[in-house]
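Below: one structure, written as C-alpha cells.
No lab work stands behind these numbers, since they all come straight from the coordinates. For clarity, every value in this text was computed on a predicted model and none was experimentally measured. Counting neighbours? That spans all protein chains shown, and the Cβs are built from the backbone with ideal geometry, glycine included.
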Amino acid sequence: MKETKDFENKLKRLEEIVASLEKQERPLEETVSLFQEGMKLAKDCRKTLAEVELSITRVIGMDEEGNPQTADFKAEDE
C-alpha cells in the first residue's frame with residue numbers, strides 16, 4: 001500500500017511540475033531544476049510500472065478441478 005501511495009504522490013508532483021512549466025515564466029535555473037525533478041519522477045514512475053507489469057498474471061482458464069490457470073502478463077498480448 002505504501003508503494004501505491006508513493007507512486008500516486010510522485011505522479012501528482014509530476015503533474016504539478018508539468019502544469020507549472022506550461023503556464024508560468026520563471027528564471028532559467030528554476031526551470032531547469034523543475035525539469036530535472038520532473039525527469040527523475042518520470043523515471044521512478046516508469047520503473048514502478050515496469051515492476052508491477054512483471055508481477056501481473058492473468059487467468060487464462062480453469063483446469064478440470066476448477067482451479068484457475070494463469071500466465072504471465074505480457075503487454076504485447078493485448
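Per-structure values
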read-out: Over the chain: Rg over Rh, Cα atoms, Kirkwood Rh; value: 1.25
read-out: Partners for residue 23 among lysines (Cα-Cα distance below 22 Å; same-chain residues under 8 apart left out); value: 10, 12, 40
read-out: Fully extended contour minus Cα-Cα distance, from residue 3 to residue 40, at 0.36 nm per residue; value: 11.7 nm
read-out: Paramagnetic reach from residue 69 in the range 24-58 [backbone N under 18 Å; point 7 Å along Cα→Cβ]; value: 57-58
read-out: Ellipticity estimate at 222 nm from DSSP helix runs (n ≥ 4, -39,500 (n - 2.57)) divided over the chain, nearest 500; value: -22500 deg cm²/dmol
